[in-house]
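To start, the structure under review is shown below, and the notes come after it.
Read the figures in this text as sums done on the coordinates, not as results from a lab. Keep in mind that what you see is a predicted model, and the values were worked out from it rather than measured. Cβ atoms come from the backbone with ideal geometry, glycine included; neighbour counts cover every protein chain shown.
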């Protein structure tokens, strides 16, 4: 499986338009009387067709992910040929109607969270692969430089920015991580997962980027993070099965360290953020704590309940919610979950219900640690891996001793220092005594 690469190009020189080295009139499509013949007359259609054919020429009959979402064109560094999603989906639909490829339509972007979203795909048939490779032989395909940073506002619109010490460091780190990863052989059920593209995605809240640029989110969403947990053990790196190494209580450990001084590596044992009550399974406590760090009082109950009752919820979480329901003898044990998580983690309760802005800042700190640690392990120890948020999937033979490095890689203040973290102490804390009294428990 591959993602549609918007940076592919051909080696033809002096083109006034991207499509000029593609002679559409000379292509023989599927001529069956049972299919619709594609027509590509406009320049925008021909540009999109060339991009699709370049991807098929490179990846053959592999499944290719693409977006059908109608959205504003991203800046040139993310879409060098200025080809819209609409133009691409029109090409895919036309080739599908001609019987040359198979397509699937993904989830609506507003109906699912990114980690659970299924993306639209297409897979070229043998005839289309032959057409693409006759138009663009392997030696004629090139790839333009990519940026490893995306910066968007609250409405998901791209923000133009100038580089600073932090962004230059991120470009350096992510370039190395991407290059090292794509030098490996990484497969799932025998099918290649390459190329992998890690791109840090940042948000701006309330237009405060002039004061605090690049301090929210910063996670990556390459396609392998959407592989279900029960399928990840089937991944192989350089022919070896993988094992998972992750940070225990990753984000909570950061919050505890900032707010109490307890070192991250000690939090899981001394504070046990998710071990809150015998009737609250770990999966429920974990989701509740995550929600408390990201939500506001007005939407905390609905957010937690909606997560566990969503038909697409993880099976483990569904079972955990059911156990919670049975223990407390109620259809909706959300108030019990909130009560016991808050009481158990009282030391960091000032960080609760402060909204998505602060929650995304904790995620930003976590992402910085994760990718600096990955950079160190790859560069200094030559460890191949896949990164899934706070988890490293590494070959079995390379796993021993790596946990010793998880908490020893720090963040150089020259790149990572920000005054925003300390603003959590100036926020008006929620009156949890009153809040807990209002809960229906």
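Below are the figures for this structure:
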quantity	calculated
Spin-label model distance (nm) - residue 278 vs residue 182, 7 Å beyond Cα toward Cβ	5.5
On Cα atoms only, tilt of 165-181 relative to the major axis of the chain in degrees	60
Computed label-point distance, nm, for sites residue 192 and residue 107 using a 7 Å Cα→Cβ extension	2.9
Angle in degrees between helix 300-309 and the longest Cα principal axis of the chain, rounded to the nearest 10	60
Contact order relative to length of the chain, as percent, for alpha carbon pairs under 8 angstrom and 6 or more apart	15
Rounded, prolate or oblate (a/c below 1.5 giving rounded, otherwise prolate when a/b exceeds b/c) for region 387-441 by Cα gyration tensor	oblate
Rounded to 5, the percent of DSSP beta bridges in the chain classed as antiparallel	85
Label-point gap, in nm, between residue 28 and residue 229 - each point 7 angstrom along Cα→Cβ	5.3
Extension gain from residue 165 to residue 330, taking 0.36 nm per residue of separation minus the Cα-Cα distance	54.2 nm
Value of relative contact order over region 240-344, rounded to a whole percent, pairs C-alpha under 8 Å and six or more apart	26
Calculated [θ] (222 nm, deg cm²/dmol) that DSSP helices of n ≥ 4 give over the chain, each run adding -39,500 (n - 2.57)	-11500 deg cm²/dmol
Proxy reagent accessibility, fewest Cβ within 10 Å first, across 282, 228	228, 282
Normalised contact order of region 1-155, rounded percent, pairs of Cα under 8 Å and 6 or more residues apart	34
Extension gain from residue 414 to residue 433, taking 0.36 nm per residue of separation minus the Cα-Cα distance	2.8 nm
Relative packing of peptides 237-248, 413-424 - highest average C-beta neighbours within 10 Å first	237-248, 413-424
Mean shadow area of region 270-349 over all directions, Cα convex hull, nm²	5.1
Kirkwood hydrodynamic radius of region 2-146, from inverse mean 1/r over distinct Cα pairs, in Å	15.7
FRET efficiency, residue 206 to residue 140 (Cβ-Cβ, R0 56 Å, nearest 0.05)	0.75
Residues 142, 305 arranged by fewest to most Cβ contacts within 10 Å	142, 305
Burial ordering of 402, 33, fewest other beta-carbon atoms within 10 Å first	33, 402
